[in-house]
1. When the helix-only estimate is applied to the chain (DSSP H runs of n ≥ 4, each -39,500 (n - 2.57), divided by the residue count), what is the mean residue ellipticity at 222 nm, nearest 500 deg cm²/dmol?
2. Sort 33-42, 20-29 by the packing proxy (mean of other Cβ within 10 Å over each peptide's residues), most packed first.
3. Over the Cα atoms, compute the radius of gyration (one decimal) and Dmax (the largest Cα-Cα distance, rounded to a whole number) for region 14-107, in Å.
4. Looking at region 37-113, which GluC sites (Glu not before Pro) are in a loop (DSSP not H, G, I, E or B) and have at most 12 other Cβ atoms within 10 Å?
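What follows is calculated from the coordinates using simple rules that are stated; it is not laboratory data. The structure presented is a predicted model; accordingly, all values stated were derived computationally and were not measured. For neighbour counting, all protein chains shown are included, and Cβ atoms are generated from backbone atoms with ideal geometry for every residue, glycine included.
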Amino acid sequence: MIGVGPCRRMTTRVETNGDVWVYWQSASGTDVSRVRNVSAGGMFLEVEKPLPKGQMANFHFLVQEGSIRADAVVRRYDPGEGLGLKFVAVEKETGPNLAELLRRLRGACRSKN
């Protein structure tokens, strides 16, 4: 049996099934990456090159809900997998679009079960 500790995450992440991409920029450069999962508190990006833990980056979601812009900090890097990021700011006017994206993704998860 695998030991399971308490979850530190305040919000539940939703799988994107490859439907969500972000354009992002940081001190290390710019890129476009697939979002593996997302929540109101953060996301996990599939990336080849790591960013250092603690580095800030700016993200622009490329989704049908419209503009979603957020700043996030790198919390972890899983080699061969990607980056775990925590949102530190979501632009106020794009927050409703993030909420709508999460509703759509949760609905897609339910319809598959």
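1. Working: 1 runs with 18 residues, N = 113.
Here the helix-only value at 222 nm equals -5500 deg cm²/dmol.
2. Numbers: 33-42: 18.8, 20-29: 16.3.
Highest mean packing first, the order is 33-42, 20-29.
3. Rg and Dmax of region 14-107, Cα atoms, are 12.1, 36 Å.
4. Values: sites: Glu46, Glu48, Glu65, Glu81, Glu91, Glu93, Glu100; in loops: Glu48, Glu65, Glu81, Glu91.
Counting only loop positions with at most 12 other Cβ atoms within 10 Å, the GluC sites (Glu not before Pro) in region 37-113 are Glu48.
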